[in-house]
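Colleague: Okay, here's the structure, questions in a sec.
The values are calculated or read from the model by the stated rules, or taken from the named source; none is laboratory data. Predicted, not measured: the structure shown is a model, and the values here were computed from it. No Cβ is skipped: glycine too gets one built from the backbone with ideal geometry, and neighbour counts run over all protein chains shown. Heavy atoms of the whole protein, side chains included, go into the accessibility calculation; ligands, DNA and RNA do not. Shrake-Rupley method; radii C 1.70, N 1.55, O 1.52, S 1.80 Å.
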Amino acid sequence: MTDQWNSFMDQEVKLAPTEEGLLDGRVFAVKDVFSIKGYTCSAGNPDWLRTHDPAEETAGSIRKLLAKGAALTGTLHTDELMYSLNGENAHYGTPINPKAPDRIPGGSSSGSASAAAAGLVDFSVGTDTGGSVRIPSSYCGLYGIRPTHGAVNISGVIPLAKSFDTVGWMAQDMNLLAQVGDVLLPTSNNSEPFKTLLIEEAAWALPDRETAAALQPFLAAAEKRTELAESVHVAEEGLAAWTEIFRTIQALEIWEEHGSWITKEQPAFGPGIAERFQMAGTLKKAECQSQFDKWKEIQQHMDTLLRDDALLIIPTAPGPAPLLNLHGEAAEQYRAKTMQLTCIAGLAGLPQITMPLAQADGLPVGLSIIAGRNQDRRLIEWALSFAKSCRGEEVKG
């Protein structure tokens, strides 16, 4: 199989299924941050690859998938040390967005989105800390999920910021996304329907006009599927303030995790990535206590707001994928808007599914649903039913 999309880091890394099961015949690939016995991950950076040893065992999430009949067929490109939402890698190149080749694929699970959207694999596995599954899924027209923080085994995965890191996955159809969830997610006894839909007004003010208009019919359809729909502002301080809290705590954890390696090895980072690591190295945890206090309040607030029967609906991104090589103020403004959308589930540690139901100017845009903590399976079932009704047909499986 020729990788004309530059999705793969290494196509020669292959693992056969260890048993038969729900995913028989399915083929998947993983972001190049998952441990595979005898293989060295790059984490998107040649200096990381040079200074690390092969893994002694395969990540638990991969082993679960193999045990249910799926076959691994390669590792996939990522932004350097997962610290970006764009997918443009200065060392290994940018995976092509099959739905918009002149635009970025999104990151940091860039290769994961590219490979799944191109049909090179049935589904792909990535990680999501600040939006790294949700955003590329939206840009590449995929179903994607960031699960509840801690719900999926993350052992054997290179960390970015452990308080936010999750294992997520993407697919072209919702039924397959759900089947992967059946394998990776813990079981749940709660199958009660969601009764309340909360519409985050500040979030709906962020997308461009075309994206908002494209998503509006699906927002209306979602309202009809619950007993009560109401508008809310989840962030009293504003979503920009929540973004800053997320950015600060994430950067502190990133430097705590990788600072000593960066200081010792002086790795070469591409534009944007280098500046973020430099910023992270200047922060002092003792000076950021107010952010940590507010973070706890946000988690408690969202747990209360998204009680057992409530969902929150937002656009996944401010618009379609930006053009390649977009830099400067325009790029930073778009990133800031994107982070305002992704920080809600990120800070709260909640599950979020993005669905490729709409197009703006012929380009994919995602609609996201966020559920309460550990409501992942109920969320998937809701999204499965909703996607089927919106398509007016059976969801492909």
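Colleague: Please report Rg (one decimal) and Dmax (integer) in Å for the Cα set of segment 256-352.
Modeller: Radius of gyration, then largest Cα-Cα span, for segment 256-352: 17.2, 50 Å.
Colleague: Please compute the per residue accessible area over the chain with all protein chains in place, 1.4 Å probe, rounded to a whole number of Å². Could the numbers behind the result be given before it?
Modeller: On the way: 15590 Å² over 397 residues.
Per residue, the chain has an accessible area of 39 Å².
Colleague: Now for a separate question. List residues of segment 12-36, by number, whose backbone nitrogen lies under 16 Å from a label position 7 Å along Cα→C-beta of Ala55.
Modeller: What the label zone holds, given the 16 Å backbone N cut-off, is 12-18, 28-36.
Colleague: Another question about this same structure. What dipole magnitude, in Debye to the nearest 20, does segment 68-140 give about its Cα centre under +1 on Lys/Arg Cβ and -1 on Asp/Glu Cβ?
Modeller: 200
Colleague: For the pair Ser260/Glu12, report the inter-label distance in nm, with labels modelled 7 Å from Cα in the Cβ direction.
Modeller: Computed distance between label sites Ser260 and Glu12 equals 3.3 nm.
Colleague: Given only helices, namely DSSP H runs of n ≥ 4 each adding -39500 (n - 2.57), what is the per-residue ellipticity at 222 nm of the chain, to the nearest 500 deg cm²/dmol? List each step's numbers first, then the result.
Modeller: Details: 12 runs with 149 residues, N = 397.
So the helix-based figure for the chain works out to -12000 deg cm²/dmol.
Colleague: Charges on Cβ only, +1 for Lys and Arg, -1 for Asp and Glu, centred on the Cα centroid of segment 231-372; of Pro271, Val232, Leu363, which one is farthest towards the dipole's positive end?
Modeller: My answer, from the dipole projection, is Pro271.
Colleague: Carbon and sulfur: what percent of segment 10-67's accessible surface (1.4 Å probe)?
Modeller: 48
Colleague: From the list [x] 0.96; [y] 1.06; [z] 0.94, can you say which value of Rg/Rh (Cα atoms, Kirkwood Rh) was derived from the structure given?
Modeller: [z]
Colleague: What shape does segment 1-103 take by its C-alpha gyration tensor, where a ≥ b ≥ c are the square roots of the eigenvalues and a/c under 1.5 counts as rounded, a/b above b/c as prolate, and the rest as oblate?
Modeller: Numbers: a/c = 2.31, a/b = 1.32, b/c = 1.74.
Oblate shape, in that a/c is at least 1.5 and b/c is the bigger or equal ratio.
Colleague: To check you understand DSSP bridge types, tell me what percent of the beta bridges within the chain (both residues inside) are antiparallel, rounded to 5.
Modeller: Numbers: 30 of 47 bridges.
Percentage antiparallel, nearest 5: 65.
Colleague: Semi-axes of segment 102-243's equivalent ellipsoid from the Cα gyration tensor, sqrt of 5 times each eigenvalue, largest first, rounded to whole Å?
Modeller: Working: eigenvalues 129, 78, 65 Å².
Value: 25, 20, 18 Å, ordered largest first.
Colleague: In addition: Please get the size of the charge dipole for the chain, origin at its Cα centre, with Cβ charges of +1 on Lys and Arg and -1 on Asp and Glu, quoted in debye to the nearest 20.
Modeller: With only Lys, Arg, Asp and Glu charged at Cβ, the dipole is about 300 debye.
Colleague: Then there is this: For Ala71, list long-range residues whose amide hydrogen, built 1.01 Å from N in the peptide plane, is under 5 Å from its own amide hydrogen.
Modeller: Here the answer is Arg26, Val27, Phe28, since their amide H atoms fall under 5 Å of that of Ala71.
Colleague: For Leu197, list long-range residues whose amide hydrogen, built 1.01 Å from N in the peptide plane, is under 5 Å from its own amide hydrogen.
Modeller: Amide H neighbours of Leu197, under 5 Å, 5+ apart: Leu228, Ala229, Glu230, Leu311.
Colleague: Name the most mobile residue of Gly259, Gly362, Gly119, meaning the one with the largest mean-square fluctuation, in a Gaussian network model of the chain with Cα contacts below 10 Å.
Modeller: Residue with maximal mean-square fluctuation among Gly259, Gly362, Gly119: Gly362.
Colleague: From the phi angles alone, apply the Karplus equation (6.51, -1.76, 1.60; θ = phi - 60°) to segment 364-370 and give each ³J(HN,Hα) in whole Hz, x where the residue is Gly or Pro.
Modeller: Listing the rounded values in order: x, 9, x, 10, 10, 10, 10 Hz.
Colleague: Only four residue types carry charge here, +1 at the Cβ of Lys and Arg and -1 at the Cβ of Asp and Glu. Report the dipole size of segment 173-279 about the Cα centre in Debye, rounded to the nearest 20. Show your work: numbers first, answer last.
Modeller: Details: 7 positive and 18 negative charges, 39 e Å.
Here segment 173-279 has a charge dipole of around 180 debye.
Colleague: Please report, as a whole percent, how much of the solvent-accessible surface of segment 267-384 comes from carbon and sulfur atoms (probe radius 1.4 Å). List each step's numbers first, then the result.
Modeller: On the way: 2400 of 4700 Å².
Result for segment 267-384: 51 percent of the exposed heavy-atom area is carbon or sulfur.
Colleague: Same structure again: At a 1.4 Å probe radius, carbon and sulfur cover how many percent of the accessible area of segment 114-247? Don't skip to the answer; put the middle values down first.
Modeller: Details: 2200 of 4690 Å².
Summing carbon and sulfur atoms, their accessible area is 47 percent of the total for segment 114-247.
Colleague: Residue by residue through segment 86-100, which ³J(HN,Hα) values in whole Hz follow from phi under the Karplus form 6.51 cos²θ - 1.76 cosθ + 1.60 (θ = phi - 60°), with glycine and proline marked x?
Modeller: Result, ordered by residue: 9, x, 8, 10, 5, 9, 10, x, 9, x, 7, 7, x, 8, 7 Hz.
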